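> Here you go, one structure.
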Amino acid sequence: MSVLEFRPRFRFVSPMNEQELLGRIKDHVQGTSGHGLLCRRSRSQLTLRFEEKLRHAWTPQLDIHLEKETEGTLVRCLIGPAPNIWMLFTGGYLFWSFVAVVGIALGVSQQTVNEDPWGYWLLIPSALGPLVMVWMSLEGKRRSRDEMRTLNRTVDEALGCDCFRLAMEQDANAR
């Protein structure tokens, strides 16, 4: 992966220990108030997200998970939408699937009793609804690019490396 994409995942091994990494990132985020980022820590995991006043539906967050390795610390990063957006899309796809099943069941039932099978008309919105949701996700991806770069740049500045490039190099060397 050569560019930041939607839900990019990257990982690399850092020579620093877990506490040093957590401290550097947290200190950097608290010191750079210009980006409007907040840092939440839970054991060996950090979540970087934008302040509430800067957040929109498409605003991403960065989840960092640290694991102890023999050579240092494995840093796993995932930039993606907030969990509430995932639930919104999951609920939407479930709803349109339900509408399709009801339309098919209703249409078949009406056809069986020789009635006008108008239930099949429910298949049209159940096909268009997911297309609208795909368009919404692509639009959110487009709008979140700058924020994704800000999150990536913040981690790079905190750790003093180009972490995305380092992850690609380490991945290429592992193969």
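The values are calculated or read from the model by the stated rules, or taken from the named source; none is laboratory data. Fair warning: this is a prediction, and the values are worked out from it, not measured in the lab. Every residue, glycine among them, receives a Cβ derived from its backbone with ideal geometry; neighbour counts consider all protein chains shown.
> Within the range 136-163, work out how many residues are hydrophobic (A, V, I, L, M, F, W, C) and under 16 Å from the mean Cα position of the chain (by Cα).
4
> On to the next question. Kindly indicate whether Glu157 is touching a residue at least 60 places away in the same chain (Cβ under 8 Å), charged (D, E, K, R) and either surrounded by 15 or more Cβ atoms within 10 Å (Cβ to Cβ) or within 30 Å of Asn17 (Cα to Cα) (or both).
Yes: the conditions hold for Glu157.
> Here's another thing I want to ask about it. Go through the range 46-74 and report how many residues are free of Cβ contacts under 8 Å to residues at least 60 places away in the same chain and in contact with an Asp or Glu (Cβ under 7 Å, 6 or more places away or on another chain).
Total satisfying the criteria: 3.
> Is it the case that the range 112-122 has a residue that's farther than 30 Å from Gly91 by Cα, over 30 Å from the mean Cα position of the chain (by Cα) and part of a helix (DSSP H, G or I)?
Yes, there is a match, as at least one residue in the range 112-122 is farther than 30 Å from Gly91 by Cα, over 30 Å from the mean Cα position of the chain (by Cα) and part of a helix (DSSP H, G or I).
> I've got another one for you. If the requirement is being of a type outside the set (S, T, N, Q) and at pLDDT 95 or above, which of these qualifies: Leu128, Leu159, Leu151?
Result of the check over Leu128, Leu159, Leu151: Leu128.
> Name the single residue, out of those in the range 1-37 being exposed (fewer than 12 other Cβ atoms within 10 Å of the Cβ) and assigned to a helix (DSSP H, G or I), that is modelled with the highest pLDDT.
Selected residue: Gln19.
> Name the single residue that is nearest to the chain's Cα centre (by Cα) among those in the range 38-89 being exposed (fewer than 13 other Cβ atoms within 10 Å of the Cβ) and hydroxyl-bearing (Ser, Thr, Tyr).
Ser42
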